[in-house]
1. With a 1.4 Å probe and every protein chain left in place, tell me how much accessible area Glu283 has, in Å² to the nearest 10.
2. Express in Å², to the nearest 10, the accessible area of Asp82 obtained by rolling a 1.4 Å probe over the protein heavy atoms while all chains stay in place.
3. Express in whole angstrom the spacing between the alpha-carbon centres of segment 482-503 and segment 524-538.
4. Among Phe458, Val562, Phe548, whose Cα lies farthest out toward the positive end of the dipole of segment 423-571, if unit charges sit on the beta carbon of Lys, Arg (+1) and Asp, Glu (-1)?
5. Extending each Cα 7 Å along its Cβ direction at Lys390 and Asn256, get the distance between those two points in nm, one decimal.
6. As an exercise, use a Förster radius of 51 Å and the Cβ-Cβ distance of Asn559 and Asn368 to find the FRET efficiency, rounded to the nearest 0.05.
7. Restricting attention to segment 77-158, which GluC sites (Glu not before Pro) occupy a DSSP loop and are surrounded by at most 14 other Cβ atoms within 10 Å?
8. Using +1 on the beta carbon of Lys and Arg, -1 on that of Asp and Glu, and nothing else charged, what's the dipole of segment 272-430 about the Cα centre, debye to 20?
Amino acid sequence: MKRPHYYFDSCLLILMLALAGCSDQSDEQDSPDRNPNRVATKTDNTVETGTKPPGVASDLKDDTTSCAAPFFKDVAELLGIDFVFDTGANGKAFMIESTGGGGGWIDYDRDGYPDLFLVQGGDPLLEKPHPQGDQILRNIGAKKFQSILEHSHIVDRYHGQGVAVGDYDNDGFDDIYITNVGPNVLLHNLGDGTFEEVTALAGVGDPHWSSSAAWADLDLDGDLDLYVCNYTQYDVQDPIACTKDDGSPGVCHPENLEAEDNQCYENLGNGQFRSVIKEWNLEAPDGKSLGVVVADFNRDSLPDIYVANDVTANHLFLGTEPGKFEEQGVAMGCAMDRLGHFQASMGIACGDYDRNGYPDLYITHFSNESNTLYQNLGDVGFRDVTAIQKFHQPTIPYLAFGTVMNDFNADGCMDIFMTNGHIDDWRDKGDLWKMPAQLFSYQKNQWKEMTGQAGEYFKGTHLGRAVSQADFDNDGDPDLMIVQQGERIALLQNEKCDGNWLDIGLNGITTNRRGIGAIVEVTCGETKIVKQLVAGSSFCTTHQPRLFFGLGESRGVCNIVVHWSITPSVSESMQVESGQSVDLTQGTLIPLVEEASE
């Protein structure tokens, strides 16, 4: 799985650089969650005239801004979490050992405290790969996490990889889609603490080696569709034999295997789905896909899909109309790095670090490649600014998987967290195997590494995979969960908030219940921040569906504009005091009068 660079045809490279600027020159509607630490939206509403999507001009703080490092503490053991992902390693170096495991957040009982769902691996050659299997851990008031597997009726007897959480039937209770090496599994949340396995009935049991998946309303009809990343064609019963230099078993390079087609399922609204991967023009030939994020990258009110592929070109499917897409990765400058190299893409962080209103992309890669930062310039596409930002060198030695972009300590500077860990134990060659996680902050118009100041956890080394964010303790700032191969998962409690903030949850009525795909604009004083509740991102995981706005020194009354993702589009506005968590329900805010297009 070693990743050499590959070069595109020179003519195509010239075209790419010209187009994308990739040079490195300098039913019963649900009520708000029952959470005593969040307030209902009962403040006075105010009307604001609708605005067009922001232009390319950046609304950055001035270049004298200096930000402090976020600070985290691993509290997993303290809160009774003892889950360890088992790769199933048996000395044969199965390729599937390298990519698991996943996990994510789900408030399955709607008590306002996000709970954890964790997929398990184990020996794929056994009928039941692992004695315990997947786990669901209930968050008991942020004081303890307790397994409820025995009472939940959750059964998944496959080697797990990732998880996607979404309320596909809009009943107010989030459901779980598990990606496996083998048939994937859909668990329907019955609302009483139990789940029902409905994979065959729903028609979503993709039988291949799947990795990340995302629930998103791709046809804008008000319910969630499902996009599934598949990796390679790999038979664990008769695997291809790959060896190290000394002849011992080694993890195969993905070039030794054929890609497996991805899958997309349209939600029919009756508990059933149908495959639309070809009909919606979402085929990703030779993809070998590991990560996916769904967002409106060009702000045309249509969802777009970005897929991170291993040693092949990444894909960007731009929405042309609800349920129709066109692949534009090369033309938009985010299919490969600025030199035309295919990279080993794994995880995806998505956020507007430069505050121009358009979500940027940070892609994690193999060691000796460095990760890649794509700045979103709007209609003209993306450009690889990794070199300009001097962001290459700090990540070159590491192999990164899950990653998250957020302003973790509310100081007004965006941060990027990534977890690292190799797929091969090459310590005899002097290479790193277990690796430290990393943290960077965007300040003075440059990314600065803050790893050494972020807490004791960052001094250790791990085999990190999935990373997922949620405010598990309901104190208003995002915490992080990291799945680590061969050791207890980490739960990093955020212990530092340097600035003012606003935390927003969304309750859809005619749109999907959790507001996935909505765009939220917050203006507080002279600070304006635009965020999207994206689907997917990171690696093999699901985040808590809330938006955290770090306001820095800005405080007081903030104006909020919500653009709900549905056809026809709906936009609403209200005002709230900063420094609190709020839940906004569609239809209870003041409708915006959109400007007529010329």
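The values are calculated or read from the model by the stated rules, or taken from the named source; none is laboratory data. All values reported here derive from a predicted model rather than from experimental measurement. Virtual Cβ from ideal backbone geometry, glycine too; neighbours counted across all protein chains shown. Side chains are part of the model used for accessible areas, which takes the heavy atoms of the whole protein and leaves out ligands, DNA and RNA. Shrake-Rupley method; radii C 1.70, N 1.55, O 1.52, S 1.80 Å.
1. Glu283 has an accessible surface of roughly 90 Å² with all protein chains in place.
2. About 120 Å², ignoring ligands and nucleic acids.
3. So the two Cα centres are separated by 19 Å.
4. Val562
5. Output for this residue pair reads 4.1 nm.
6. Numbers: r = 47 Å, r/R0 = 0.92.
That gives a FRET efficiency of 0.65.
7. Values: sites: Glu77, Glu97, Glu127, Glu150; in loops: Glu77, Glu127.
Sparse-neighbourhood loop GluC sites (Glu not before Pro): Glu77, Glu127.
8. Details: 11 positive and 23 negative charges, 41 e Å.
Taking the Cα centre of segment 272-430 as origin, the dipole is about 200 debye.
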